Every structure is written in C-alpha cells, then in structure tokens.
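Trainee: Before anything else, here's the structure in question.
Each value in this text was obtained by applying a stated rule to the coordinates, not by laboratory testing. Computed from a predicted structure; not experimentally measured. Here Cβ is always computed from backbone atoms with ideal geometry, including for glycine, and neighbour counts include all displayed protein chains.
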Amino acid sequence: MIQRAVEEVGISTVSITLVESLTKKIKPPRALAVPYGFGHPLGEPNNPELQHAIIAEALSLLENGETPPILKVAGTPRVP
C-alpha cells in the first residue's frame, strides 16, 4: 500500500475507507471508516458541513500521537 511507502520517508498519511473489514486486514497507518457507499466517501453531495466534518475527523488522526495502525469509525470516540 502506498501509504506505508510514504510514511517510511517521514510523511504522515491518513485515508478515508468505505470498507472497514478490508481496512482491518490491510492495516494502513491511519484510516477513518465512513458509513457511505462507493463514490461518496464524504457523504451526500451538496452537504459541505458533513464533508468538512469528515475531513476534519480524518485529519485529527494525524494529531493524536497514537502509534499506527489506527482505525477509527467516523463519529465515534477512538478506543485504543
């Protein structure tokens, strides 16, 4: 996975995933699982508040200082 290669050179990454079960197997460094269908990782069209909230939640995974891999389900507290 490209995320690991990017992280190896010192650049932190985060992804938004639609398939939590697959992400659990792949174990990317940081991922936010969202409950939306394919083609809509940021939720419904024309809902900038929701889209901003999803992006902010994903980016917050970069700030928490936890050791990867980190998988968080959108809208839930992170449980290590």
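Trainee: Pick from GLU20, GLU44, GLU63: which is most flexible by mean-square fluctuation in a GNM of the chain where alpha carbon atoms under 10 Å apart are linked?
Mentor: Residue with maximal mean-square fluctuation among GLU20, GLU44, GLU63: GLU63.
Trainee: Also, quick follow-up: Suppose R0 equals 22 Å; then what is the FRET efficiency for ASN64 and GLU7 from their Cβ-Cβ distance, rounded to the nearest 0.05?
Mentor: 0.90
Trainee: Find out how many positive minus negative residues lie around LYS24, taking Lys and Arg as positive, Asp and Glu as negative, among other residues whose Cβ is under 14 Å from that of LYS24.
Mentor: Net charge in that neighbourhood comes out at +3.
Trainee: GNM on the chain, C-alpha springs below 10 Å: top fluctuator among LEU18, LEU62, LEU50?
Mentor: Comparing LEU18, LEU62, LEU50 in a Gaussian network model of the chain, the most mobile one is LEU50.
Trainee: Here is a further query. Over the chain, what is the relative contact order in percent, taking alpha-carbon pairs closer than 8 angstrom and at least six residues apart?
Mentor: Normalised by residue count, the contact order of the chain is 32 percent.
Trainee: Still on this structure, I have one more. Considering amide H positions built from the backbone, and no H for Pro or chain starts, which residues 5 or more places from ILE70, or on another chain, come under 5 Å of its amide H?
Mentor: Here ARG30, ALA31 satisfy the definition.
Trainee: Additional query: Hey, rough spin-label estimate for THR76 and GLU44, points 7 angstrom out along Cα→Cβ, what's it come to in nanometres?
Mentor: 2.3 nm
Trainee: With n ≥ 4 as the cut-off for DSSP H runs, can you work out [θ] at 222 nm for the chain, using -39500 (n - 2.57) per run divided by the number of residues, rounded to the nearest 500?
Mentor: -9500 deg cm²/dmol
Trainee: What spacing in nm lies between the two simple spin-label points modelled at HIS52 and LYS25, each 7 Å away from Cα in the Cβ direction?
Mentor: It is 3.8 nm.
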